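Worksheet for the structure shown next.
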Amino acid sequence: MGVLEGKGAIVTGGSRGIGRAVVERLAAQGAVVVFAYAHDDEAAGDVVRAVADKGGQAHPIRADLSDPEAVTRIVAFAGDWLDGLDILVNNAAVGSRLAPLAETEDTDVETALAVNLWAPFRLLRHAARTMRDGGRIVNVSTLNTVRPTRGNAPYAMSKGALEQLTLVAAQELGPRGITVNTVSPGATDTDLLRAANPPEALEAVTGLTPLGRLGDPADVADVIAFLVSPEGRWVTGQNVRATGGLG
């Protein structure tokens, strides 16, 4: 029996990268996982098959988190599969178009806030109302909130606000034994990272990382798995920087 047997989990951005690694890890530990994904039906199907091959349960829902109604749909779908909510991992994110502040458009900020802040807020609000006592919430942020880069204001500001939401939620939900933490990955080898950075930038950041490589999604998923496990019961209101020493 896995350590998460009988637990119900929601993971956003679960079809690729860090999110997929989290879905597979939680399911392997016995949780029933509902995961949201934006558009790649084939990738979502691959996750379901990979989990099922190992005897786990993962149920996908296609939901564009830039749509204010997406969270309502995710919650309703989760209600069909989960006996109750014990784990929430707000992982989905969109990067922003790299541009200096003078050239940043309102739409750049609006999109980043919709996916990276408003959707996690709405899911966290749902968790505050319905999560079973002793639950676990993890918000995935970024090293860019403490290691800013030029032209990345919408992404960094949306993630910075998410980190503050973590701190408030940890205070409010602590009396119920619910932990709320942030995990901030460094340079992790995902589609989002490669789409936003040229190869020479990835080579440079690898050289700056004490452990000498890009992170793997499984590296971050392992940190999240600890925080949502029984062993993570005494950790809350923290920002765990899973960066390989980059910081």
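The values are calculated or read from the model by the stated rules, or taken from the named source; none is laboratory data. Computed from a predicted model, the values in this text were never measured in an experiment. No Cβ is skipped: glycine too gets one built from the backbone with ideal geometry, and neighbour counts run over all protein chains shown. Ligands, DNA and RNA are excluded from the accessible area calculation, which covers all protein heavy atoms including side chains. Shrake-Rupley method; radii C 1.70, N 1.55, O 1.52, S 1.80 Å.
Could you list all residues from segment 30-58 that are touching a helix residue (DSSP H, G or I) at 6+ places or on another chain (Cβ under 8 Å) and either under 15 Å from ARG136 (Cα atoms) or of a type in the set (Val, Ile, Thr) (or both)? Listed by number, the residues that qualify are VAL32, VAL33, VAL34, VAL47, VAL51. Can you confirm whether segment 214-221 contains a residue that is out of contact with any Phe, Trp or Tyr (no Cβ under 7 Å at 6 or more places or on another chain), outside any helix (DSSP H, G or I) and open to solvent by 70 Å² or more (accessible area, probe 1.4 Å)? Looking through segment 214-221, at least one residue is out of contact with any Phe, Trp or Tyr (no Cβ under 7 Å at 6 or more places or on another chain), outside any helix (DSSP H, G or I) and open to solvent by 70 Å² or more (accessible area, probe 1.4 Å). The set of residues from segment 156-204 being modelled with pLDDT under 95, of a type outside the set (Asp, Glu), more than 21 Å from GLY14 (Cα to Cα) and open to solvent by 30 Å² or more (accessible area, probe 1.4 Å) comprises ASN197, PRO198, PRO199, ALA201, ALA204. The residue of segment 145-155 that is least open to solvent (accessible area, probe 1.4 Å), among those that are on the phi < 0 side of the Ramachandran plot and either assigned to a helix (DSSP H, G or I) or not basic (Lys, Arg) (or both), is PRO154.
Residue-level check: of (1) closer than 27 Å to ASP106 by Cβ; (2) not in a helix (DSSP H, G or I), LEU192 misses just (2).
Can you tell me which residues in segment 1-38 are over 13 Å from the mean Cα position of the chain (by Cα), open to solvent by less than 10 Å² (accessible area, probe 1.4 Å) and farther than 15 Å from ALA50 by Cα? Matches in segment 1-38: LEU4, GLY8. Checking the stated criteria, ALA78 turns out to be more than 15 Å from the chain's Cα centre (by Cα) and farther than 24 Å from ARG194 by Cα. Taking segment 71-93 as the range and being open to solvent by 40 Å² or more (accessible area, probe 1.4 Å) and either acidic (Asp, Glu) or touching a Ser or Thr at 6+ places or on another chain (Cβ under 6 Å) (or both) as the test, the residues that pass are ASP80, ASP83. Close Cβ contacts (under 6 Å, 6 or more residues apart or on different chains) running from residues in segment 223-243 that are on the phi > 0 side of the Ramachandran plot to residues that are surrounded by 19 or more Cβ atoms within 10 Å (Cβ to Cβ) comprise GLY237/ALA170. Exactly one residue out of LEU123, LEU192, LEU202 is touching a Lys or Arg at 6+ places or on another chain (Cβ under 8 Å) and either over 22 Å from TRP234 (Cβ atoms) or polar (S, T, N, Q) (or both): that is LEU202. Being of a type outside the set (Ser, Thr, Tyr), without any contact (Cβ under 8 Å) to a residue 40 or more places away in the chain and buried (at least 16 other Cβ atoms within 10 Å of the Cβ): is that true of GLY56 here? Spelling it out, GLY56 is indeed of a type outside the set (Ser, Thr, Tyr), without any contact (Cβ under 8 Å) to a residue 40 or more places away in the chain and buried (at least 16 other Cβ atoms within 10 Å of the Cβ).
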